[in-house]
Amino acid sequence: MTMDGKQQGELPIISESDIVACRKVIRTLSTNAGFGITDVTRIVTAVSELARNIYVHAECGKMRWNIMHQPGKIGIELIFEDNGQGIADIEQAMQPGFSTVKSMGMGLPGVKRLMDEMRIDSIAGAGSTVTIKKWARAR
Amino acid sequence: MTYAASNYITVFDKWDDQKTFFCFTPEDAKRLSDFHPFAEKHVDEVVDGLYAHLLKFEEAQMFLDDAETLRRLKIAQRRYFLELTSGCYEEEYYENRIKVGVTHQRMGIPPRLYMGAYSYYLQLMIPLIYQYLGDDLEKANTTFSAMYKIINLDQELAMSAYIHAVEDVISKQTEEILEMSTPVIQVWEGVVATPIIGTLDSQRAQQFMEHLLEKIVESKSPIALIDITGVPQIDTATAQHLIDTINAVKLLGSKVIITGIRPAIAQTLVHLGINLQGIITKPSMSAGLKVALEMLAVGNTGFNKTN
């Protein structure tokens with residue numbers, strides 16, 4: 001359960017300071033959900049990567065979050081949506097070292113390793129949606 | 001922050017537009033100036049009434065604590081009141097109103113006191129208008145309407161100035177935080193240390209790198225310790241900033257030791273596939289300092305002291 005019992009919400013990603021806000025909210029949420037410090041760091045790092053991707057590659061976007069309850073486990077689902085150019089070749093984007101903006105190119109493949117589930121939906125010219133999930137045993 | 005100024009303050013260029021937007025017409029100005037002689041006759045009564053009311057409240061008393069302050073405020077209030085019906089609402093008027101907001105904010109008077117006082121002001125004024133123009137109800141109504149509009153314009157200016165003043169404080173503080181957020185300390189002859197606290201975003205990373213490089217040259221230090229105990233997470237962008245900084249330090253002929261890598265951070269760095277090979281890393285600042293001193297002792301720093 002989250003602090004105020006809220007199970008879902010969303011945050012805009014327009015400026016660089018929104019990345020900080022996303023990280024802060026998700027750090028609190030995942031800690032309250034019962035994730036350990038290492039998993040919290042993993043989740044927050046993934047949030048940082050994907051939120052920064054939106055800030056760098058698209059004009060604006062948002063992060064939606066969901067706390068998921070299943071028998072014996074609790075999970076967090078994060079959906080990053082933007083209105084950017086879309087990802088031309090998802091397979092290529094998932095290759096370590098591939099970047100269109102001279103960055104490390106480790107972000108997307110890194111996020112996949114940090115999280116339990118990851119899905120990318122992208123339509124050329126109409127934006128991208130990246131969905132990630134992480135599970136923990138229920139307290 | 002220009003954002004704050006352009007967003008909150010009605011700049012004087014826009015003052016005429018603002019009057020139009022509030023439907024404040026030259027006829028309104030005329031009605032108010034017609035009322036001026038009567039207002040002048042009753043100004044002391046209104047001002048005394050206002051302060052008698054304010055002094056009933058503890059919160060307001062704090063700002064009116066001595067006789068001298070009260071006397072000065074009453075003079076200012078008197079002028080303020082008479083300006084309302086002066087009939088001239090141009091640059092000087094505009095500037096005086098902005099000043100009122102800024103002064104209130106600076107004195108720490110909360111907006112609710114300002115608004116509450118203004119509300120009482122209006123209560124004292126309405127009977128005066130009808131007392132003066134009671135025979136001509138239409139004229140009384142239009143004068144009241146004009147008074148109401150100019151007061152709304154006044155309040156908008158004062159509130160904007162309030163908000164702008166607060167924004168100004170925030171932006172100054174933000175700059176100060178940025179300035180002090182990356183101290184570089186010489187901890188030993190030949191060793192500088194810098195703790196990174198919080199997030200290394202692009203603006204801070206740039207400033208951090210400049211600051212560190214300057215300090216290394218200035219202190220002729222062959223070794224720099226960068227402590228990341230206070231960094232809650234490292235994503236690829238932050239890692240890139242760190243690696244860029246380390247490479248720049250290398251170009252100066254000095255070495256970097258990264259300290260304060262927590263277990264959770266170590267694991268995420270591995271997951272992200274970030275390669276820190278060739279960089280000395282230590283779990284704590286003290287372990288890093290020990291390594292630095294050993295390196296200095298054996299002269300294994302690659303730093304040419306005659307530089």
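Using a ≥ b ≥ c from the Cα gyration tensor of the protein assembly as shown (square roots of the eigenvalues), is it rounded, prolate or oblate, where a/c under 1.5 gives rounded and otherwise the larger of a/b and b/c decides, a/b for prolate? Cα axes put the protein assembly as shown in the prolate bin. Against the longest principal axis of chain B, how steep is helix B:137-180, in degrees 0 to 90 to the nearest 10, with axes from Cα atoms? Here the helix axis deviates by roughly 10 degrees.
Within straight cross-link reach of B:LYS30, meaning Cα distance under 18 Å, which lysines are found once same-chain residues fewer than 8 apart are removed? Output for B:LYS30: B:LYS19, B:LYS139, B:LYS149.
Axis of helix B:236-251 versus longest Cα principal axis of chain B: the two differ by about 60°, to the nearest ten degrees. Which listed residue (B:ALA193, B:GLN207, B:PRO222) has the Cα farthest towards the positive end of the charge dipole for the stretch B:140-248, taking +1 on Lys and Arg C-beta and -1 on Asp and Glu C-beta about the Cα centre? Positive-most Cα among the choices belongs to B:GLN207. In the complete set of protein chains, residue-level accessible area for B:THR103 is approximately 70 Å², probe 1.4 angstrom.
Between the Cα long axis of helix A:37-57 and the first principal axis of chain A there is an angle of about 30°, rounded to the nearest 10.
Annotation: amide H of B:TRP188 has no partner in the under-5 Å range at sequence separation 5 or more or interchain, hydrogens built in the peptide plane. Among B:205-212, B:191-198, the peptide with the highest mean count of other Cβ atoms within 10 Å heads the list, and the full ranking is B:191-198, B:205-212. Taken across both chains, chains B and A shield about 1800 Å² of accessible surface from a 1.4 Å probe.
A straight chain from B:SER284 to B:GLN131 at 0.36 nm per residue would run longer than the Cα-Cα distance by 47.1 nm. Within the shell defined by Cβ-Cβ distances under 12 Å, the residues around A:ILE90 carry a net charge of -1, with Lys and Arg each +1 and Asp and Glu each -1. Sparse packing (at most 15 other Cβ atoms within 10 Å of the Cβ) combined with a DSSP loop state is found for the following GluC sites (Glu not before Pro) in the stretch B:113-203: B:GLU189. Entry comment: accessible area of the protein assembly as shown is 52 Å² per residue, from protein heavy atoms only and a probe of 1.4 Å. Peptide B:259-268 has a mean shielding of 4, counted as Cβ atoms of other protein chains within 10 Å of each residue's Cβ. Phi angles across the stretch A:73-89 convert, under the Karplus curve 6.51 cos²θ - 1.76 cosθ + 1.60 with θ = phi - 60°, into 3J(HN,Hα) values of 9, 10, x, 10, 10, 10, 10, 9, 10, 9, 10, x, 6, x, 9, 4, 9 Hz, Gly and Pro given as x.
Loop-resident trypsin sites (Lys or Arg not before Pro) (DSSP state other than H, G, I, E or B) in the stretch B:7-99 with no more than 14 further Cβ atoms inside 10 Å of their Cβ: B:LYS56. The lysines within cross-link reach of B:LYS215, meaning a Cα-to-Cα straight distance under 16 Å and a gap of 8 or more places when in the same chain, are B:LYS250, B:LYS255, B:LYS305.
For a quick check of understanding: with a 1.4 angstrom probe and all protein chains in place, what accessible area in square angstrom does B:LYS250 have, to the nearest ten? Spelled out: B:LYS250, probe radius 1.4 Å, area about 110 Å². Ordering A:GLY75, A:GLY86, A:THR131 by the projection of their Cα atoms onto the charge dipole of the stretch A:67-139, which places +1 on the Cβ of Lys and Arg and -1 on the Cβ of Asp and Glu, puts A:GLY75 at the extreme positive end.
Sort out for me the Cα centre separation of the stretch B:204-279 from the stretch A:4-80, rounded to whole Å. A separation of 26 Å, based on Cα centres.
Scalar couplings 3J(HN,Hα) for the stretch B:53-58, obtained by applying the Karplus form with A = 6.51, B = -1.76, C = 1.60 to θ = phi - 60°, are 5, 4, 5, 6, 10, 4 Hz; x denotes Gly and Pro. Take each residue in A:48-61, count the other chain C-beta atoms within 10 Å of its C-beta, and the mean is 2. Counting protein heavy atoms only, the stretch B:176-307 has 59 percent of its accessible area on carbon and sulfur, 1.4 angstrom probe. Going from the chain on its own to the full set of protein chains, the stretch B:209-236 has these residues losing 40 Å² or more of accessible surface (heavy atoms, 1.4 Å probe, no ligands, DNA or RNA): B:GLN233, B:ASP235, B:THR236. Remark: the protein assembly as shown carries a charge dipole of roughly 2260 debye about the Cα centre, counting +1 on each Lys and Arg Cβ and -1 on each Asp and Glu Cβ. About the centre of its Cα atoms, the stretch A:8-137 shows a dipole size close to 540 debye [charges on the beta carbon of Lys, Arg (+1) and Asp, Glu (-1) only; nearest 20 debye]. The apolar share of the surface of chain A, taken as the fraction of accessible area on carbon and sulfur atoms (1.4 Å probe, ligands and nucleic acids excluded), comes to 52 percent. Quick one: check the C-alpha center-to-center distance for the stretch B:53-102 versus the stretch B:111-183, whole angstrom. Between the Cα centres of the stretch B:53-102 and the stretch B:111-183 lies a distance of 11 Å.
Here is the list for the stretch B:52-153: chymotrypsin sites (Phe, Trp or Tyr not before Pro) lying in DSSP coil, each with at most 14 other C-beta atoms within 10 angstrom of its C-beta, are B:PHE57.
Could you list, in their original order, any pairs among A:LYS73/A:LYS102; B:LYS99/B:LYS172; B:LYS172/B:LYS290; B:LYS172/B:LYS282; A:LYS62/B:LYS14 whose Cα atoms are separated by more than 29 Å? Where the Cα-Cα span goes over 29 Å, the pairs concerned are A:LYS73/A:LYS102; B:LYS172/B:LYS290; B:LYS172/B:LYS282; A:LYS62/B:LYS14.
Contact order normalised by length for chain B, with contacts defined as Cα pairs under 8 Å and 6 or more residues apart; what percent is it? Dividing the mean separation by the residue count of chain B yields 16 percent.
The accessible-area loss of the stretch A:94-131 on complex formation, taken against its chain alone with a 1.4 Å probe, reaches 40 Å² or more at A:MET104, A:MET106, A:ARG113, A:LEU114.
Shielding by partners for peptide B:69-81, expressed as the average number of C-beta atoms from other protein chains within 10 Å of each residue's C-beta, is 0.
The values are calculated or read from the model by the stated rules, or taken from the named source; none is laboratory data. Because the structure is predicted, anything quoted here is derived from the model rather than measured. Because the Cβ atoms are built from the backbone with ideal geometry, glycine has one as well, and the counts that use them run over all protein chains shown. Quick note on the areas: whole protein, heavy atoms, side chains included, nothing else; ligands and nucleic acids left out. Shrake-Rupley method; radii C 1.70, N 1.55, O 1.52, S 1.80 Å.
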